[in-house]
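*Asks:* Quick one: the structure is below, questions incoming.
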Amino acid sequence: MKQVASLICALMLAVPVAAAQNCVPRQPPSADSPVQTGSQTEEPASEQGRPQSTQTSNTKAATAQSDAKVPATVNPPTIQTQPPDAPSIYVPLSGRGKFNLFVRRTYSPYTFASAAFGATWAQMWGQWYQYGGGMQGWGKRFGASLADTEARSFIQTFVLSTLLHQDPRYFPSQKKHLMARAWYAGTRVLVTKNDKGDNTFNESGVLGALFTSSLQNAYYPRSDRGFGDTMSRFAGAVGSDATSNMLREFWPDIKRIFRKHEPERIKKMERKIPGRPQGMAPQPFSRE
């Protein structure tokens with residue numbers, strides 16, 4: 001009986017202790033700490049319910065904030081080495097281009113018109129009287145004038161310009177005043193450009209006029225040959241070049257003046273010329 005009574009007392013003491021242990025509250029996990037289930041780790045409920053796009057945007061924002069702390073590299077401004085109104089780059093003329101220029105001048109209507117004018121002028125003043133008069137004399141004078149022009153063009157424009165590396169073209173003046181432009185055009189008989197675009201003495205032009213004047217002794221009448229006649233023709237050729245440069249320099253301005261005061265009836269006739277678009281003005285005189 002004593003043993004039964006002691007067992008009952010022990011059971012009565014153990015029951016309250018077990019009840020007290022079961023009544024202790026368990027601390028819930030925090031929202032930020034992950035919950036482990038077996039071997040896997042579960043994300044918090046706040047992260048599970050958040051959309052994937054929101055998480056990505058938060059990551060990008062954090063990256064942008066970190067990049068903002070790094071100073072951006074600023075490119076230095078581009079420095080303009082050439083002013084806007086600088087002249088265009090010089091383009092040299094090759095040997096083939098000089099030969100093509102000679103060919104164009106050979107078949108130019110201006111060449112034949114100039115020879116015809118020279119023959120008519122010489123016959124009017126009795127020059128080269130040994131050629132005679134009439135159409136036969138005029139034809140001989142025309143042939144001599146045409147031979148002068150073609151020989152000068154071939155020797156100066158192609159041969160000497162190629163050998164001496166000079167440019168036979170005429171480059172208009174960039175000045176605005178009348179006298180400055182006239183002086184520029186007149187001095188181009190002594191100054192020209194080389195193949196590098198620099199100004200140099202016009203050896204091809206001066207020697208071309210001298211060689212052509214000497215060559216004329218081969219087909220001119222005997223009365224017009226000799227050293228004195230050769231030098232006289234040389235001086236005339238240089239003066240003729242200066243006059244031609246004047247015409248090339250001011251011809252666009254002269255043409256613009258005539259165009260401005262041209263009657264409307266003439267303008268309408270020009271618009272009807274075949275091969276020209278309607279409303280297009282005639283092309284300016286070639287300055288080569």
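The values are calculated or read from the model by the stated rules, or taken from the named source; none is laboratory data. None of these values were measured; they are calculated from a predicted model. Methodologically, a virtual Cβ is constructed for each residue, glycine included, from the backbone with ideal geometry; neighbour enumeration extends over all protein chains shown. For accessibility, only protein heavy atoms count, side chains too; no ligands or nucleic acids. Shrake-Rupley method; radii C 1.70, N 1.55, O 1.52, S 1.80 Å.
*Asks:* Which pairs, out of 176/255; 98/193; 175/196; 98/196; 175/255; 140/255, put more than 24 Å between their alpha-carbon atoms? Before the final figure, lay out the partial values.
*Replies:* Working: 176/255 17 Å; 98/193 14 Å; 175/196 22 Å; 98/196 15 Å; 175/255 19 Å; 140/255 34 Å.
Table pairs above 24 Å Cα-Cα are 140/255.
*Asks:* If you don't mind, another one. In whole angstrom, and with the biggest value first, how far do the Cα coordinates of the stretch 108-161 range along each principal axis?
*Replies:* Computed over the Cα atoms, the extents are 38, 22, 16 Å.
*Asks:* Quick check: from the Cα gyration tensor, does the stretch 141-209 come out rounded (a/c under 1.5), prolate or oblate?
*Replies:* Oblate.
*Asks:* Take every Cα pair under 8 Å in the stretch 158-234 that's 6+ residues apart, average their separations, divide by the length, and report that relative contact order as a whole percent. Walk me through the intermediate numbers first.
*Replies:* Numbers: 63 pairs, mean separation 18.8, N = 77.
Computed over the stretch 158-234, the figure is 24 percent.
*Asks:* Looking at the stretch 170-209, which trypsin sites (Lys or Arg not before Pro) are DSSP coil and have at most 14 other C-beta atoms within 10 Å of their C-beta?
*Replies:* 175, 176, 196
*Asks:* For the stretch 210-277, which whole percent of the accessible surface, found with a 1.4 angstrom probe, sits on carbon and sulfur atoms?
*Replies:* Answer for the stretch 210-277 is 64 percent, counting heavy atoms of protein chains only.
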